[in-house]
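Report on the structure given below.
Any read-out appearing in this document is the output of simple, stated calculations on the displayed coordinates, not a laboratory observation. Just so we're clear, the structure is a prediction, and the values are computed from it rather than from any experiment. When we count neighbours, we look across all protein chains shown, and the Cβ atoms used for this are built from the backbone with ideal geometry, even at glycine.
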Amino acid sequence: MKACPKAVVKVLILTSLLLNFSILRAISQDDFSPYEENTEQTEQLKHEDEFESFEEFESFEQSNIAVETVCIGEKGCCKKDRTVVWVLSILALTLLIGFLVKYPAIRNLRGIFLIASVVVLGFYKGGCPCPISSFQNVILGVLGVDTHWKSMIWFIGLIPVTYLVGRVYCGWLCHLGAIQELIHLPGKIKILQTEKSQKIMRLVRIVILVVLVVQLVTTRTNIFIHYDPFKVAFNMIGVHTLSWILLGLLLVSSVFIYRPFCKTVCPIGLILGWVNKIPGARVIGNNGKCVGCKTCNNECKIRAITRDEKFSKLDNQECIVCGECIGSCHKNALSLFRNNKKNHHDQIKCERLELE
């Protein structure tokens, strides 16, 4: 009998984790079942004080902006879940990884970080807090909508962190990107690989970002949380049929395409990519030893490096700092630099050059 491919093992592990965490969450919800048995007392109190002792749940349902997805609210679960502690810890870990990613020993641990992200931030935390919801809460807060400040620090904190170390969060700790990557099966089917394809997908993300902002401005509410496929994946709960359909599309496309949501939809990756264009931001650059081979191009799964005739192009806006290109280069031609006007920009050519 032939050994199972590694990719199949990944799918089996994720399926097992999904079932186990779903069972644990279901068991934890059964703590409330004994109260359903005493129906007579419930009927007697129906018109008296039925809702008086459940005011916190009333405010929970009304706050569909921050509480439902990010678990934030004055009477919500923020004290119990310690959202701020979680967010600050993840941001600190992102910085640490960013400063150590240049070492091969650290880069070899990336798979472990991805699995831990899916297990802890995904199934254990139920995908909460979520940077996409945090971004929406920032927009709503700017518009004057009553939004708790704790729900904003996730996205706001990622801006300076990305400036200092690049999009390390996207490539190492984001549970949304990690689950897509772990179920991806590299094969002979290769689509959306060219530089033109990357530009089209970025344009699609820009359009989606504009539509999302317009929706937030006009409705002043977070509609995405009701159809979030990741929320369904990590909690196995979905009220709307559309959320299950989106989850199915996400899982199927992730098998054949590397991080399809990240490449075509995610507004966070798009905005963090723009951060790399700022002078002084952390980018990957050519140190002058490049001979123009295809090694880095072949190793880049996110397609931040594309091939154009005789040389490769590296777009740091798309780079998630996985470190594969740095580790695979036999000439050690790629290194981490600060974006400057002379040699190292957000977009570079991987070819032999003379540095000033």
Practice problem: Would you mind classifying the stretch 281-350 by shape? Square roots of the alpha carbon gyration tensor eigenvalues, ordered a ≥ b ≥ c; an a/c under 1.5 is rounded, otherwise it is prolate if a/b is larger than b/c and oblate if not. | Solution: rounded
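Can you sort Thr194, Thr241 so the residue with the fewest Cβ neighbours within 10 Å comes first?
Thr241, Thr194
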Exercise. Indicate the gyration tensor shape class of the stretch 174-229 (rounded, prolate or oblate), computed on the Cα atoms with a ≥ b ≥ c the square roots of the eigenvalues: a/c under 1.5 is rounded; otherwise a/b larger than b/c is prolate and the rest oblate.
Key: oblate
Quiz prompt | Ranked by how many other beta carbons lie within 10 Å on average, peptides 314-325, 143-154, 195-206 from highest | solution = 314-325, 143-154, 195-206
Quiz item: By counting other Cβ atoms within 10 Å of each Cβ, how are Val118, Val138, Val211, Val161 ranked from fewest to most?
Solution: Val211, Val138, Val161, Val118
Quiz item: Among Asn339, Asn298, Ile326, which residue has its Cα positioned farthest towards the positive end of the charge dipole of the stretch 281-350, with +1 placed on the Cβ of Lys and Arg, -1 on the Cβ of Asp and Glu, and the dipole taken about the Cα centre?
Solution: Asn339
